[in-house]
Amino acid sequence: MKKAIITGILGQDGVYLARLLLKKKYKVFGLYKDKNSKNNKFLQKKIKYIKVDIRDKNSLVKILKKIRPNEIYNLAASSSVSKSFDSPIDSILTNCVGYLNILEAVKENSKKTKIFQASSSEMFANSKYNLINENTNFSPINPYGVSKVAAHSLTKFYREAYNLKCSTGILFNHESILRTEEFVSKKIVKKLYDISIKKNGILFLGNIYSKRDFGYAPEYVQAMWKILQQKKSDDFIIASGKYYSIKYFVNIVCKEFKIPFTWKGTGINEHCINKENKKIFVKIDKKLYRPLDVKPIKGNTNKANKVLKWKSTTNFKDLIKILCKDVINEKNFNP
């Protein structure tokens, strides 16, 4: 029986990955910093949960020596881009220093352990290219992206300098009902569902013309597992290969929830109106604009398609249908 450690076990990806590994007969150990997570209801008896801050190297070493895992999936992160502007130190300490502790602990105590690092499309946020591959130059524009570039670079360094079996999945946006509402996908779907029921309320958004490459989270954790099954450690773009604007996202959700809508106005005054009751239900809030916004980028997954035999199979409209259905049934949802 293989043994795997998942850091950030209570996050969206941690929940889905844990279920995948259990199905594959792994013994799963889940590391968490605190249990103040809405995903607590998905805790499983088959998983051994361990409270630890990955910024504490000594604690990590003790855990590693005791478990001797075959694989480590590092999903622990301060993952909110917007919050990284307010707490850049936390982003660097968790996303970079915390990961460095994992690398050092493995190097010193368990060099046969394979490591997966969750890298991010935010590393390329200001790229002059709109199609991103594994060799595209980094160009982060927020503290979160900077921290992910540092961690990604450490992966390559430890792989080459110390022959560690560490790989990365460069993950573009991937969504599910397990997202919190600080992520725009969940925010849009949850708020518009409430508005469709109550017939009032307002969804406030920032730059609705910002574009993202959206995918479905359960498919992306499949890619994580496939990456660590390769003989050669490497880096892979994991994406859908297509991007869509936040405004288009809103439009599709409105159609799913049968909200008759029309857009009016321009710029900061652009808004969306319910055609039946004439009420404004989507407004632009300048406070929600990022200091610097991501340019339209999408992922080139040719390498993942060829080497991993992986590709995103849930198209954008089907993704939104899933998100809308799951929000409706959120209280009884079980991944």
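Structure notes:
- Selection status of residue 231, part of a loop (DSSP other than H, G, I, E, B), free of Cβ contacts under 8 Å to residues at least 24 places away in the same chain and either over 25 Å from the mean Cα position of the chain (by Cα) or over 28 Å from residue 166 (Cβ atoms) (or both): yes
- Extreme residue, surrounded by the most Cβ atoms within 10 Å (Cβ to Cβ), among residues of segment 120-178 that are among the β-branched types (Val, Ile, Thr) and over 24 Å from residue 103 (Cβ atoms): 132
- Within segment 149-183, being in a helix (DSSP H, G or I) and within 23 Å of residue 296 (Cβ to Cβ) holds for 149, 152.
- Figure legend. Inter-residue proximity from segment 295-321: first residues modelled with pLDDT under 95, second residues surrounded by fewer than 21 Cβ atoms within 10 Å (Cβ to Cβ) and among the aliphatic types (A, V, I, L, M), beta-carbon distance below 9 Å, spacing 6+ or different chains. Indicated pairs: 295/141.
Residues checked against (1) of a type in the set (Lys, Arg); (2) in contact with a strand residue (DSSP E or B) (Cβ under 7 Å, 6 or more places away or on another chain):
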residue: 172; (1), (2): no, yes
residue: 191; (1), (2): yes, yes
residue: 199; (1), (2): yes, no
residue: 219; (1), (2): no, no
residue: 247; (1), (2): yes, no
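- Tally of residues being of a type in the set (Phe, Trp, Tyr), surrounded by 17 or more Cβ atoms within 10 Å (Cβ to Cβ) and assigned to a loop (DSSP other than H, G, I, E, B) across segment 187-228: 1
- Helices (runs of 4 or more DSSP H) contained in segment 1-113 and holding at least 3 residues within 23 Å of the chain's Cα centre (by Cα) and surrounded by 15 or more Cβ atoms within 10 Å (Cβ to Cβ): 12-23, 81-86, 88-92, 98-109
- Test: residue in segment 277-297 that is surrounded by 15 or more Cβ atoms within 10 Å (Cβ to Cβ), of a type in the set (Asp, Glu) and over 18 Å from the mean Cα position of the chain (by Cα): no
- Flag if residue 249 is closer than 21 Å to residue 13 by Cβ, touching a residue at least 40 places away in the same chain (Cβ under 8 Å) and part of a strand (DSSP E or B): no
The values are calculated or read from the model by the stated rules, or taken from the named source; none is laboratory data. These numbers were taken from a predicted model, which means no experiment stands behind them. Here Cβ is always computed from backbone atoms with ideal geometry, including for glycine, and neighbour counts include all displayed protein chains.
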